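**Q** Sharing a structure here in structure tokens format.
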Amino acid sequence: MKVSYEKIQPDEGSSFKVLHLKEGTDRFFWHYHPEYEIVCVRGGQGQRHVGSHISQFEDGDLVFIGPELPHSGFGHHAVGEHEEIVIQLPIHFLGESFMLSPELSDVRRLFERSQQGILFHGQTKKAVTEKLRRLVKLTHFERLLALLQVFQLLAKSNEFTLLNSSETRFEFGHKDEQRINRIYEYVEQNYRKPVNLHEVATEVAHLTIPAFCNYFKKIMHLTFTEFVNQYRIGLACKLLATPIPIADICYDTGFNNLSHFNK
């Protein structure tokens, strides 16, 4: 799992960046950046990985991600037609004092909560998805006005779930990138086998087992075993949407006991 620092430049003539992506990818791109990010997936299924939260989404997704919160691309393991609208916002994209305006008190709290990653659902997801669909076709000035309306909708909504604990802090440095990338590649290649801590610690991470366990828990806020199980569950959720028998899915994703898999 490579933790890459993504450098983001606003669109020319704009204070923020808008991306309109129309295809998924099998490549896991785990990255972080100092910008806020709204990710809207229109329909389809895929994997959601924000901080230490790993899960599957269906019928689209709408997530608000705060600065420096690591996350994967939402097109990873996407099923069906994939369309993604991403808004990337520098911390002071409208000036340092703009968010201090009394009219934006609710929006300011929204941005503070985004440090945990916010998942929106229900009518909020539906309404904001439609606004973002229209936003990509607007002029720069019209996009700004539409974005402020999106902020207000999200800020006033009660239809949300926080994806990480408020106490969780993620600490990454570029020196960790190669090691984490090797560990993730190991999981991708070996998730069908029983977890082998000695192998991944000594041969992949080049650490002792205790040092590896402490290192991985510090970086991911999960034990290595928990991470492997969440990875397996994510793949299983994807396969459950296919005609493959449940017993086959169990063994194909590394769960060698059907009753344990069902739990």
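**Q** Looking only at region 185-207, count how many residues are of a type outside the set (V, I, T) and closer than 24 Å to N257 by Cα. Reasoning before the result, please.
**A** Within region 185-207, the first condition is being of a type outside the set (V, I, T), and the residues that meet it are 185-186, 188-194, 196-199, 201, 203, 205-207.
The next check asks that each one be closer than 24 Å to N257 by Cα; those that pass are 186, 188-194, 196-199.
Looking only at that region, the number is 12.
**Q** Quick one: which of L138, L110, L94 is part of a loop (DSSP other than H, G, I, E, B) and touching a helix residue (DSSP H, G or I) at 6+ places or on another chain (Cβ under 7 Å)?
**A** Numbers: L110 fails: part of a loop (DSSP other than H, G, I, E, B); L94 fails: touching a helix residue (DSSP H, G or I) at 6+ places or on another chain (Cβ under 7 Å).
L138 is the lone residue from the list that is part of a loop (DSSP other than H, G, I, E, B) and touching a helix residue (DSSP H, G or I) at 6+ places or on another chain (Cβ under 7 Å).
**Q** Return the residues of region 207-247 that are under 23 Å from the mean Cα position of the chain (by Cα), hydrophobic (A, V, I, L, M, F, W, C) and assigned to a loop (DSSP other than H, G, I, E, B); say none if nothing qualifies.
**A** Result: L222, L240, A241.
**Q** May I pose another question? Name every residue in region 248-261 that is part of a helix (DSSP H, G or I) and either at pLDDT 85 or above or buried (at least 16 other Cβ atoms within 10 Å of the Cβ) (or both), in order of residue number.
**A** Filtering region 248-261 down to residues part of a helix (DSSP H, G or I) leaves 248-252, 258-261.
Listed by number, the residues that qualify are D248, I249, C250, Y251, D252, L258, S259, F261.
**Q** Please verify whether region 166-178 includes one or more residues that are open to solvent by less than 80 Å² (accessible area, probe 1.4 Å), at pLDDT below 90, of a type in the set (K, R) and in a helix (DSSP H, G or I). So that I can check it myself, show each step before the final result.
**A** Our first condition is that a residue be open to solvent by less than 80 Å² (accessible area, probe 1.4 Å); within region 166-178, this holds for 166, 168, 170, 172-173, 176-177.
Remaining after also requiring at pLDDT below 90: 166, 168, 170, 172-173, 176-177.
Add one more test, that the residue is of a type in the set (K, R), and what stays is none.
No, the conditions are met nowhere in region 166-178.
**Q** Just name the residue that is surrounded by the most Cβ atoms within 10 Å (Cβ to Cβ) out of those in region 143-165 that are at pLDDT 95 or above and part of a loop (DSSP other than H, G, I, E, B).
**A** Only one residue tops the list, namely S157.
**Q** Please find, among L100, L89, L145, the residue that is over 25 Å from I180 (Cβ atoms) and touching an Asp or Glu at 6+ places or on another chain (Cβ under 9 Å).
**A** Values: L100 fails: touching an Asp or Glu at 6+ places or on another chain (Cβ under 9 Å); L145 fails: touching an Asp or Glu at 6+ places or on another chain (Cβ under 9 Å).
Step by step, each of L100, L89, L145 is checked, and only L89 is over 25 Å from I180 (Cβ atoms) and touching an Asp or Glu at 6+ places or on another chain (Cβ under 9 Å).
**Q** Taking region 113-125, which residues are not small (G, A, S) and not in a helix (DSSP H, G or I)? Show your work before the answer.
**A** Of the residues in region 113-125, the ones not small (G, A, S) are 113, 115-116, 118-121, 123-125.
Across region 113-125, the qualifying residues are I118, L119, F120, H121.
**Q** Then there's this: Within region 48-73, how many residues are open to solvent by less than 10 Å² (accessible area, probe 1.4 Å) and on the phi > 0 side of the Ramachandran plot?
**A** 2
**Q** I would also like to ask the following. Residues in region 126-133: is at least one in a loop (DSSP other than H, G, I, E, B) and either open to solvent by 80 Å² or more (accessible area, probe 1.4 Å) or at negative phi (or both)?
**A** Taking region 126-133 as the starting set, the residues that turn out to be in a loop (DSSP other than H, G, I, E, B) are none.
No: region 126-133 contains no residue that is in a loop (DSSP other than H, G, I, E, B) and either open to solvent by 80 Å² or more (accessible area, probe 1.4 Å) or at negative phi (or both).
**Q** With the condition kept exactly as written, say whether any residue in region 197-206 is more than 14 Å from I54 (Cα to Cα), touching a Leu at 6+ places or on another chain (Cβ under 8 Å), without any contact (Cβ under 8 Å) to a residue 40 or more places away in the chain and part of a helix (DSSP H, G or I). It would help to see each step written out before you state the result.
**A** If we filter region 197-206 for residues that are more than 14 Å from I54 (Cα to Cα), which is where we start, we get 197-206.
With the extra rule that they be touching a Leu at 6+ places or on another chain (Cβ under 8 Å), the set shrinks to 201.
Now narrow it down to the ones that are without any contact (Cβ under 8 Å) to a residue 40 or more places away in the chain: 201.
Subset that is part of a helix (DSSP H, G or I): 201.
Looking through region 197-206, at least one residue is more than 14 Å from I54 (Cα to Cα), touching a Leu at 6+ places or on another chain (Cβ under 8 Å), without any contact (Cβ under 8 Å) to a residue 40 or more places away in the chain and part of a helix (DSSP H, G or I).
**Q** Those residues that are among the charged types (D, E, K, R) and surrounded by 12 or more Cβ atoms within 10 Å (Cβ to Cβ), I need them from region 204-247; list them, please. Don't jump to the end; show me each part of the working.
**A** Going through region 204-247, the residues among the charged types (D, E, K, R) turn out to be 217-218, 226, 232, 238.
Within region 204-247, K217, E226, R232, K238 qualify.
The values are calculated or read from the model by the stated rules, or taken from the named source; none is laboratory data. None of these values were measured; they are calculated from a predicted model. FYI the Cβ positions are ideal-geometry reconstructions off the backbone, even for glycines, and counts take in every protein chain you see. Areas reflect the complete protein model, heavy atoms only, side chains present, ligands, DNA and RNA absent. Shrake-Rupley method; radii C 1.70, N 1.55, O 1.52, S 1.80 Å.
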